[in-house]
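Some notes on the structure that comes next.
The values are calculated or read from the model by the stated rules, or taken from the named source; none is laboratory data. Not measured: the values here are computed from a predicted model. Cβ: placed from backbone, ideal geometry, glycine included. Neighbour counts: every protein chain shown. Side chains included, ligands, DNA and RNA excluded: accessible areas come from the protein's heavy atoms. Shrake-Rupley method; radii C 1.70, N 1.55, O 1.52, S 1.80 Å.
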Amino acid sequence: MTRLRVARLTGTKSIDRVAVANRNNCIAISKSFLALIVVFSLLTTPLWATPSSWLGTIVYADRARFATGQASVGATIFSGDRLSTEQSGGVQVRAGAARFLLHGASMATFSQEDTTPAATLALGTATFSTANSKAFALHVASAVIRPSSDRPTIGQVTVLSPKELIVKSTRGSLSIAVEDDVREIPEGAAYRVVLDPSAADPQGPRGVGTKGYGGPPRKPAKDKFIWYAVGAAGAITVWAVHEALESPDRP
């Protein structure tokens, strides 16, 4: 009887040891699983967050600056970044299916509209080339200039004053919009755009209409802006033509 009781006690202790070991193994596995979840979250969170703010990369820079320092080739452009250039400087940004060139003595701030890279030109001149209609949008005050089709497009915008600009299209057509007033600039055309019709001369330059070529002046009371044809747009830059021919969505 004594031996049987000892055997039973020994068997019970063995079962308890196995149960404790199994419990410890479960705890260890749970801790490892939680650790893997934390590590995975840390690794993937930046990848998920990046597309919302990352816009492009600088591929050329000469006497160009960020708001906080010198701009250099390879630097990443994020929404909210501001670039400026000296009088004889320039900077080029690759942003998905678009290229953006900021000429000398110019300044622009980058942003994102849904999935479309965009920039606001505060002063100077900028040229952009695109592969499709949603590749890029350029803002100047209340005006928004973008390609009007999915054809390769090259456009250039120059700020003359806070409410006046020149818009040129040398390849494809451009769309210019101020609120619900939207018009198209055909390939090869250039327009001087005035964003405050009430303060502008409604007749414009002698012999020049404000829509198309030689048409009647538009009525400022109904329009958000007025424009004057200023002649055909010549070749903008060798860079822009090269980029358009090579396709802006090329990596």
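The set of residues in segment 150-184 being small (Gly, Ala, Ser) and part of a strand (DSSP E or B) consists of Gly155, Ser161, Ser169, Ser175, Ala177. A single entry from Ser88, Ser129, Ser111 fulfils the requirement of being closer than 22 Å to Val193 by Cβ, open to solvent by 30 Å² or more (accessible area, probe 1.4 Å) and either in a strand (DSSP E or B) or among the charged types (D, E, K, R) (or both): Ser111. Being loosely packed, with under 15 Cβ neighbours inside 10 Å, β-branched (Val, Ile, Thr) and touching a residue at least 12 places away in the same chain (Cβ under 8 Å) is a description that does not apply to Thr68. Of all residues in segment 140-148, at least one satisfies being surrounded by fewer than 24 Cβ atoms within 10 Å (Cβ to Cβ), not in a loop (DSSP other than H, G, I, E, B) and not aliphatic (A, V, I, L, M). Checking Thr50, Thr68, Thr45, Thr57 one by one, the residue that is of a type in the set (Ser, Thr, Tyr) and either modelled with pLDDT of 95 or more or closer than 15 Å to Phe128 by Cα (or both) is Thr57 and no other.
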